Each structure stands twice: as C-alpha cells, then as structure tokens.
Amino acid sequence: MQALIAGQWQFRKPQEQSREDYDRFLAETVYPILETWKQRVVVENLLRPQVIYGYFPCLAEGNSLHLYNPEILNQSGPEIPPNPAPMATFKFPRQKSGRRLCIADFYQPKDLASSVVPPLDVFPMQAVTVGEMATEYAKKLFEANQYTDYLYFHGLAVQMAEALAEWTHARIRRELGFASEEPDHIRDVLAQRYRGSRYSFGYPACPNIQDQFKLLELLECDRINLYMDESEQLYPEQSTTAIVAYHPVARYFTA
C-alpha cells in the first residue's frame, strides 16, 4: 500500500502536514480512488494474474551454478550419474571486499555431491505477470490523454505484479518446508524477516540480464505469453522474474 500510494501514485505526506491531516486525506480521497480501481479491475477483467515457478536440481562450482534436468532424479534413484551434463549454467559475480559473497555460495558445492545425501541441491525460479491486458489498457489510457487514469491504473498494475511475486516466493518457501519461519505481519515481510532471498537478473548480485532468457526458456514462459524482447525488456510490462535462494544466510547484497 505504501509503495502504491506514496511511490506509484505520489501521494506523499508533505513535511508541513500533520499525520492526522494526512490520514484524513487518505481516508477521504485516496482510499476511495483505490476502491474504485479495484472494482474496475474486477468488473472489466483488467488484470489477469499468472504464475509459473519450478524447482531444478543444481550444484555450485566456484561462482557458477549448474542446473540439471529434473528427470535426472527419476532415472538415477538416490544417486546421480557421474558428471551429469548441466542443462544450463548461471555465473554470478563475487564481492571484491566485505564478506566476498556470491549467489553460488548459497547452494550445494559440486565437489561435495558424492559425500552428502541428497547429492543435489534445489534451485527455485519464478515468473509472474498480470497479463497483456494490463499493458494494453495502460497504453490505451495514455494514448487517449487520460493521464490521471493512466497513473492510477499503471501504478496499481505494477504493484500487483510485485505483490504476486512476493506471494509466489512465500508459496515456494512453504513448499520447501519453511512455513514455521514465515512472518505474520507486513512489516516483517518488508524487512525480509523470512528464509532466504529472491534475486532478479539485472540487479547487483546477478547483473547479467541475458541470463533472464535462460530462465524464461527453462520455465517455458511462452505458455503465459511472457517473454523478453530485443531491448531486454519483459513483455507484458507488468511482469517480474526471479531466482530463489533458501539458504538462511542469503540476503540482498551488492557484488
């Protein structure tokens, strides 16, 4: 709500305004706008949330993370074939100072695979979108010079995509067995008081945006018409992708 109202919609509290007056302004002006748009979204079917996520066997080697075909687990039972060929490899940067962290550090090292059970780690990935309708409708509003409506709808669609990403990440954490560590208040969610982290390509810890092509292909995101164009922009616009690390040390960092 804060990101939508103060960030996307720019209804920030002026420094000279009291908290009481600002809360009254929200109640009398902003929340009715939000309620109106929520109703429009439902009645006109303007947002069509879709999610794809998956788990891939993986092993870390230095700064690289190798992903393997999930069928390797069905074919080999409790053991894996010697030196299986990865279906994809992500290479991540390492911090030059400080804790010298690298995303690959959060997964099972390849040189230990033969001595631990289970030998393979798991690498979750996710992709979410609120659909082509959101992008097309926002474009329609903008081209019709309905800039106020465009601001409201575009901001709402962007934040709904972010909320959908957070919802999906929470679902992955529960499925991995960490439900008991889930926060029960939005403040704790925003403060990242949960297990692990969600990283998106193009950000400091995994800056290679080209790797997003691999993610989209592995998750078969064409099933929901989600793709990255030649300018390396996601389409539909109101979409996000991420990789997930569930290691307790995994937090956001700059590499």
Note to self: Among the residues in the range 150-170, are any under 30 Å from F106 (Cα atoms), surrounded by fewer than 20 Cβ atoms within 10 Å (Cβ to Cβ) and of a type in the set (S, T, Y)?
What the structure shows: no
Note to self: Could you tell me how many of the residues in the range 101-129 are outside any helix (DSSP H, G or I) and among the acidic types (D, E)?
What the structure shows: 1
Item checked: Flag for R173 being at pLDDT below 95 and either surrounded by 14 or more Cβ atoms within 10 Å (Cβ to Cβ) or under 21 Å from M87 (Cα atoms) (or both) -> no
Item checked: In the range 20-75, residue surrounded by the most Cβ atoms within 10 Å (Cβ to Cβ) [restricted to those that are under 29 Å from Q238 (Cα atoms) and of a type in the set (G, A, S)] -> G54
Check: If you take the residues of the range 76-109 that are modelled with pLDDT under 90 and surrounded by 13 or more Cβ atoms within 10 Å (Cβ to Cβ), which of them is farthest from E61 (Cα to Cα)?
Finding: S76
Check: Say we look at the range 201-225 and pick out the residues that are of a type in the set (F, W, Y) and at pLDDT 95 or above; which of these is surrounded by the most Cβ atoms within 10 Å (Cβ to Cβ)?
Finding: F201
Next item on the list: Among the candidates N45, N83, N69, N63, single out the residue that is without any contact (Cβ under 8 Å) to a residue 24 or more places away in the chain and within 27 Å of the chain's Cα centre (by Cα).
Entry: N69
Notebook entry, point to check: Name the residues in the range 226-250 that are exposed (fewer than 13 other Cβ atoms within 10 Å of the Cβ) and either over 16 Å from the mean Cα position of the chain (by Cα) or under 27 Å from A191 (Cα atoms) (or both), would you?
Noted result: D229, E230, S231, E232, P248, V249
Next item on the list: Could you check, for the range 43-56, whether at least one of its residues is hydrophobic (A, V, I, L, M, F, W, C), in contact with a Leu (Cβ under 6 Å, 6 or more places away or on another chain) and within 30 Å of A138 (Cβ to Cβ)?
Entry: yes
Item checked: Hits in the range 149-189 (condition: hydrophobic (A, V, I, L, M, F, W, C), over 27 Å from Q39 (Cα atoms) and in contact (Cβ under 8 Å) with a residue 24 or more places away in the chain) -> I172, L176, F178
Checklist line | Output for the range 110-149, where each listed residue is over 26 Å from the mean Cα position of the chain (by Cα), among the basic types (K, R) and surrounded by fewer than 16 Cβ atoms within 10 Å (Cβ to Cβ) | finding: K140
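The values are calculated or read from the model by the stated rules, or taken from the named source; none is laboratory data. Since the model is a prediction, treat every value here as computed from it, not as a measurement. When we count neighbours, we look across all protein chains shown, and the Cβ atoms used for this are built from the backbone with ideal geometry, even at glycine.
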